């Protein structure tokens with residue numbers, strides 16, 4: 001049982017990583033970036049090129065890939081969100097545009113890197129270590145720690161810094177933000193850049209578990225959105241907790257019932273959660289806070 | 001008027017000569033024999049299409065070097081269906097109606113085959129299936145022009161269970177996904193176990209593309225089997241083996257044998273050390289042993305393929321699937337040569353009367369009631385980690 005709990009926590013951390021980056025975009029634009037899973041995939045694929053093919057040290061690889069994917073995220077904003085103006089709630093064009101961009105990213109990745117998944121080196125090597133009778137990879141500990149650090153980082157940035165206040169102000173009302181001398185555009189770009197960098201880190205952390213390939217985030221992308229919704233869109237604490245709940249729930253449902261019904265159970269619980277508490281566990285209403 | 005009479009006489013004479021030497025008019029009218037081929041050549045299953053293309057291309061090259069089919073040069077036309085049944089049907093229509101193909105080889109996915117086979121029947125096009133494993137695809141009554149050279153799902157499942165029983169394993173666990181393929185396999189395996197008055201230690205299931213395989217591994221371990229039969233797709237199977245490694249439940253503590261996909265080099269690469277000692281299955285001809293290097297002609301072909309696709313270029317190739325498609329093209333040649341016709345019914349009859357054709361992958365025989373070229377008796381257990389020119393080491397248990 002302890003190994004299942006660890007396994008659930010690791011999967012939950014992965015969902016949380018996805019949810020954290022989804023939230024940061026939601027914080028400023030009020031939309032969900034449906035191409036986020038593909039940005040994570042790009043992080044993994046660039047990681048493969050930089051670390052495995054070129055041989056860069058892992059940390060350097062993460063920094064470089066983070067920069068590249070951040071640029072991709074900003075380009076994504078310019079091509080799929082900005083054309084629809086400030087009033088994104090009044091249009092669903094961004095939804096189709098981000099979905100379409102995700103498909104384009106995936107197809108181009110297939111053309112460049114081929115379609116089959118590839119092994120990706122885990123952080124700390126492939127050797128299993130035994131802790132209290134449970135065999136785990138060092139990589140899994142890193143996944144938990146890094147996800148927690150990113151969640152704390154976002155929490156601090158949003159709640160304790162001027163940048164965070166500016167981001168929240170942008171989310172609340174762009175016109176008022178402009179009157180206050182804050183560039184809403186710059187805030188949005190900063191958020192897209194941050195979400196891209198986090199996507200790259202997520203790619204490095206996820207690839208050793210899913211294997212690196214153009215389709216590596218297809219099955220987990222939706223659960224990242226689920227984690228963000230369960231936790232409460234806009235809350236980094238919520239994203240973290242929502243991800244862990246989802247991961248542990250999955251592990252339990254695979255054990256208690258049968259693995260084949262895991263997804264049905266997880267999504268049923270997700271729907272029930274949303275029905276009972278539509279604002280999520282950690283509801284955030286920036287309008288009141290700013 | 002005189003001119004017309006001369007031309008008509010010449011035409012009639014030419015028909016007469018052709019009939020005397022035994023070639024039907026339709027063959028004589030054709031300068032080129034066209035093989036249409038549709039398969040998944042991009043997307044996650046692109047390696048299937050790659051195997052198809054290589055197998056057919058090698059065969060076509062050899063056929064042309066030896067004079068073609070009844071003097072006709074052979075040309076293969078390939079199309080990528082991206083594993084999309086709708087696209088597969090559109091492409092097959094284009095090949096039949098625009099390109100005027102004489103025979104069809106493919107596709108590479110069961111869903112695409114289901115979509116195109118009724119059309120091929122309606123158009124009377126001979127189809128050689130070299131890699132699509134769905135059991136329902138071969139039915140001499142429903143699909144009279146379809147023949148298969150690859151082992152089907154059901155026969156793989158039967159082989160795995162029979163082999164396990166024959167080798168004295170008592171507690172047999174099975175793992176598969178919840179797709180139609182996986183659930184069909186469960187039924188086939190249950191039937192074989194029932195016929196031996198046995199029950200499975202467990203049938204562990206998961207959803208295709210599941211990431212966390214630890215609960216599945218745990219279920220398998222808790223069933224305390226002495227052999228685990230894996231009917232898992234490539235990445236899923238690799239993740240499962242890694243999860244079993246964490247539970248310290250790999251060979252030699254438990255025997256593990258997978259179906260054809262686990263013989264792929266890419267599967268072994270993904271699973272890494274966890275694939276050591278995991279057995280797979282392969283047709284006898286694509287294997288070797290420590291004392292038997294394999295059939296000389298087959299080894300020569302394997303070396304030729306290895307030379308054309310060295311190192312990373314060949315890492316997603318599966319030799320026996322390439323052999324299977326190679327044999328498809330060769331069987332088309334044999335069918336046309338024996339029937340001396342381009343008519344599907346004549347070629348079909350020629351193939352159905354084939355009681356022994358030594359192909360690269362196996363010795364084939366077909367009949368009017370059986371269009372399956374391979375059966376479980378032609379399979380052996382292999383250690384796919386020990387490749388020689390792409391051929392697999394036979395496991396002597």
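The values are calculated or read from the model by the stated rules, or taken from the named source; none is laboratory data. Quick caveat, the model's predicted, so the values are computed rather than measured. When we count neighbours, we look across all protein chains shown, and the Cβ atoms used for this are built from the backbone with ideal geometry, even at glycine.
Across the range B:303-321, the qualifying residues are those that are surrounded by 23 or more Cβ atoms within 10 Å (Cβ to Cβ) and under 30 Å from residue A:126 (Cα atoms), and the one among them that is nearest to the other protein chains (Cβ to nearest Cβ) is B:318. For residue A:136, state whether it is assigned to a strand (DSSP E or B), within 14 Å of chain B (Cβ to nearest Cβ) and either touching a helix residue (DSSP H, G or I) at 6+ places or on another chain (Cβ under 6 Å) or closer than 27 Å to residue B:242 by Cα (or both). Yes. Counting the residues of the range A:8-57 that are within 24 Å of residue A:245 (Cβ to Cβ) and touching a strand residue (DSSP E or B) at 6+ places or on another chain (Cβ under 9 Å) gives 1.
Residues in the range B:178-191: is at least one assigned to a loop (DSSP other than H, G, I, E, B), without any contact (Cβ under 8 Å) to a residue 24 or more places away in the chain, over 21 Å from residue B:246 (Cβ atoms) and more than 9 Å from every other protein chain (Cβ to nearest Cβ)? No, the range B:178-191 contains no residue that is assigned to a loop (DSSP other than H, G, I, E, B), without any contact (Cβ under 8 Å) to a residue 24 or more places away in the chain, over 21 Å from residue B:246 (Cβ atoms) and more than 9 Å from every other protein chain (Cβ to nearest Cβ). For the range A:157-272, the helices (runs of 4 or more DSSP H) that sit wholly inside it and include 2 or more residues that are within 14 Å of chain B (Cβ to nearest Cβ) are A:184-210, A:218-231, A:236-256. Right, residue A:80: crowded, with 20+ Cβ neighbours inside 10 Å, free of Cβ contacts under 8 Å to residues at least 60 places away in the same chain and assigned to a helix (DSSP H, G or I) or not? Yes: the conditions hold for residue A:80.
Hey, among the residues in the range B:364-388 that are in contact (Cβ under 8 Å) with a residue 60 or more places away in the chain and surrounded by fewer than 17 Cβ atoms within 10 Å (Cβ to Cβ), which one's farthest from residue B:336 (Cα to Cα)? Here the residue is B:388. Taking the criterion of being within 11 Å of chain A (Cβ to nearest Cβ) and either within 17 Å of residue B:282 (Cα to Cα) or free of Cβ contacts under 8 Å to residues at least 12 places away in the same chain (or both), the residues of the range B:234-272 that qualify are B:234, B:248, B:264, B:265, B:266, B:267, B:268. For beta carbons closer than 7 Å, sequence separation of 6+ or different chains, a first residue in the range B:99-113 that is over 27 Å from residue B:70 (Cβ atoms) and a second that is part of a helix (DSSP H, G or I), the qualifying pairs are B:108/B:48; B:108/B:49; B:108/B:52; B:110/B:137; B:111/B:85; B:112/B:85; B:112/B:88; B:113/B:137.
Put simply, of A:115, A:126, A:79 the only residue that is more than 27 Å from residue A:240 (Cα to Cα) and within 14 Å of chain B (Cβ to nearest Cβ) is A:115.
Checking each residue in the range A:30-42 for being buried (at least 24 other Cβ atoms within 10 Å of the Cβ) and either more than 22 Å from residue A:93 (Cα to Cα) or more than 11 Å from the chain's Cα centre (by Cα) (or both) picks out A:40, A:41, A:42. So which residues in the range B:194-212 are more than 14 Å from every other protein chain (Cβ to nearest Cβ) and surrounded by fewer than 17 Cβ atoms within 10 Å (Cβ to Cβ)? Within the range B:194-212, B:194, B:195, B:196, B:197, B:199 meet the criteria.
Scanning the range B:57-66 for residues that are over 23 Å from residue B:261 (Cα atoms) and assigned to a helix (DSSP H, G or I) yields B:59, B:60, B:61, B:62, B:63, B:64, B:65.
The single condition from (1) closer than 17 Å to residue B:59 by Cβ; (2) at pLDDT below 95; (3) surrounded by fewer than 18 Cβ atoms within 10 Å (Cβ to Cβ) that residue B:300 fails is (2). Here B:149, B:132, B:108 are screened, and the one residue that is under 15 Å from the mean Cα position of the chain (by Cα), within 14 Å of another protein chain (Cβ to nearest Cβ) and under 23 Å from residue B:320 (Cα atoms) is B:108.
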